[in-house]
Amino acid sequence: MLKTATVFLLAALAACGTTTAADDDANPGDDTPGGDDAPPLTNGVSTLSGHAEAGYVDGKRGVARFNNPVNCAYRDGKVYVADFDNGKIRVVDAATGQTSTLIATQGFQRPFGMAFAPDGTLFVSTDRGPQNEMGPMAGTIWRIDVAARVATPIAVGIGRPRGLAILPNGKIAASDYQNHVVSLVDPVSGAVQPLAGTWQTSGMVDATGAAAMFNAPYDLAVKDGKLIVADYGNHRLREVSLDGSVRTLAGVGAAGFGDGAMTAAKFSHPQGLAITSSGDLYVSDLENFRIRKVTGDVATSSGSGEGGYLDSDNLLEAQFFGLEGVCENPDGSMLFVADGGRGESVPYNRIRSVKLQ
């Protein structure tokens with residue numbers, strides 16, 4: 001009777017496009033159930049991998065399934081994805097959409113922040129600790145050996161970092177959205193050094209060190225040796241120098257939408273950041289459902305402003321929903337978007353590609 005019940009359970013899971021824990025290290029490839037129902041690729045915004053339905057399936061484009069992908073990092077033709085609700089790091093071929101699993105490790109839960117070091121080491125932050133610790137201080141930073149497919153915790157119980165960036169000196173910059181600070185982390189020892197922000201106090205102050213204030217700082221990017229911070233709750237982009245001094249780069253503070261000069265542009269919960277080798281900065285503007293481009297001013301790069309799902313040759317007609325994390329190939333010709341469900345039970349579990357025109 002137990003054996004029969006197990007067979008029915010496995011069949012039901014397969015029908016839902018979901019694998020079991022025993023399949024965590026498998027790559028089922030093209031034989032995975034689910035059908036090849038990938039939409040056509042466009043010359044603008046396309047579905048690279050994933051589907052409306054949530055699940056955990058590796059395989060080709062149209063077959064692979066994610067469960068609330070929240071962030072991504074690009075390297076050597078591959079898009080590395082923080083598959084948040086599956087507790088895994090997935091790898092998507094940027095040309096074909098073929099998807100596999102890189103990390104599926106006991107204790108590796110709720111990945112979010114991602115950054116590659118120049119030597120190819122991937123650093124990832126998780127909301128929980130290696131022993132499944134939970135709470136606002138349970139965040140952990142892991143060092144991932146991509147070739148060996150091994151994740152090692154290097155800093156445990158350091159708050160709730162959700163944005164990571166690698167500085168020219170090799171240190172990891174980490175933004176803690178629940179404790180409202182930006183810190184530096186030694187990639188070897190895991191030692192944490194405060195850089196800017198008032199611990200556990202939100203606000204909006206341009207100043208230096210602990211006198212500066214953020215409101216839920218999310219993603220980070222490095223430009224000209226300084227950090228750009230998506231200051232989510234203040235609806236601004238902030239710039240942090242390595243001496244801890246903070247200034248406002250763009251945004252007026254009140255939530256809204258408006259392109260134009262840096263000091264006049266409006267955002268509504270900016271979250272993900274991506275920067276090209278030429279210095280162009282892309283921002284996922286969450287509540288505006290758009291990707292914004294920041295150069296000498298702010299312009300809309302893609303997204304209609306209506307939350308949803310629509311691939312389109314026209315970048316400004318396409319629709320996104322989750323767009324919590326973005327990443328780019330170095331030459332700036334392609335942007336990739338982790339277009340998940342924001343933790344809601346909604347049909348958005350895709351990785352989107354954007355041909356920048």
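The values are calculated or read from the model by the stated rules, or taken from the named source; none is laboratory data. Fair warning: this is a prediction, and the values are worked out from it, not measured in the lab. Please note: Cβ atoms are built from the backbone with ideal geometry, for glycine as well, and neighbour counts cover all protein chains shown. Calculation scope for accessible area: heavy atoms of the full protein, side chains included, ligands and nucleic acids excluded. Shrake-Rupley method; radii C 1.70, N 1.55, O 1.52, S 1.80 Å.
What the table shows:
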read-out: Karplus 3J(HN,Hα) series, Hz, for the stretch 89-105 with 6.51 cos²θ - 1.76 cosθ + 1.60 (x for Gly, Pro); value: 9, 10, 10, 10, 5, 5, 8, 10, x, 4, 10, 9, 10, 8, 10, 9, 10
read-out: For the chain, built as a Gaussian network whose Cα springs stay under 10 Å, the top-fluctuating residue of V188, V283, V45; value: V188
read-out: Gaussian network model of the chain, Cα within-10 Å springs - most flexible of A221, A254, A148; value: A148
read-out: Amide H contacts under 5 Å for M204, placed H, 5+ residues apart; value: none
read-out: Violating pairs (Cα-Cα greater than 20 angstrom) within the set K78/K355; K293/K355; K171/K266; value: K171/K266
read-out: Cβ-derived FRET efficiency at R0 35 Å, T295 paired with Q131, nearest 0.05; value: 0.20
read-out: Simple label model, 7 Å out from Cα along Cβ direction - A211 to V188, nm; value: 3.4
read-out: The stretch 211-248 residues near the modelled W199 label - backbone nitrogen below 12 Å, point 7 Å along Cα→Cβ; value: none
read-out: Fraction of accessible area attributable to carbon and sulfur, the chain (%, probe 1.4 Å); value: 52
read-out: Rounded D (µm²/s) - the stretch 166-249, Kirkwood Rh over Cα pairs, Stokes-Einstein at 25 °C, 0.890 mPa s; value: 201
read-out: Label zone at K355, where the point sits 7 Å out along the Cα-to-Cβ direction: the stretch 35-73 residues whose backbone N lies under 14 Å; value: 40-48
read-out: The chain: Rg to Rh, with Rh as the Kirkwood radius over Cα pairs; value: 0.97
read-out: At 0.692 mPa s and 37 °C, Stokes D of the stretch 111-254 from Kirkwood alpha-carbon radius, µm² per second; value: 221
read-out: Dipole of the chain, positive end: most advanced residue of S301, P187, A221 [Cβ charges, Cα centre]; value: P187
read-out: D (Stokes-Einstein, µm²/s), Kirkwood Cα radius, the stretch 209-248, 0.692 mPa s at 37 °C; value: 326
read-out: Amide N proximity, the stretch 137-158 versus T121 label position 7 Å along Cα-to-Cβ, cut-off under 19 Å; value: 140-158
read-out: Pairwise FRET efficiency - K226 versus S278, Cβ, R0 = 22 Å, nearest 0.05; value: 0.85
read-out: Mean Cα-pair separation over length for the stretch 119-194, i.e. relative contact order, pairs under 8 Å, 6 or more apart, %; value: 23
read-out: Per residue, in Å², the accessible surface of the stretch 277-353 once ligands and nucleic acids are set aside, probe 1.4 Å; value: 34
read-out: Dipole magnitude (debye, nearest 20) for the chain, charges at Cβ of Lys, Arg, Asp, Glu; value: 520
read-out: 20 Å Cα-Cα reach of K60 towards aspartates and glutamates, excluding residues that sit fewer than 8 places from it in its own chain; value: D23, D24, D25, D30, D31, D36, D37, D76, D83, D93, D311, D339
read-out: Shape of the stretch 249-351, Cα gyration tensor, a/c cut at 1.5; value: oblate
read-out: Average accessible area per residue (Å²) across the stretch 170-274 - probe 1.4 Å, nucleic acids and ligands excluded; value: 36
read-out: ³J(HN,Hα) computed for each position of the stretch 216-222 - Karplus, 6.51 cos²θ - 1.76 cosθ + 1.60, integer Hz, glycine/proline x; value: 6, x, 10, 6, 10, 9, 10
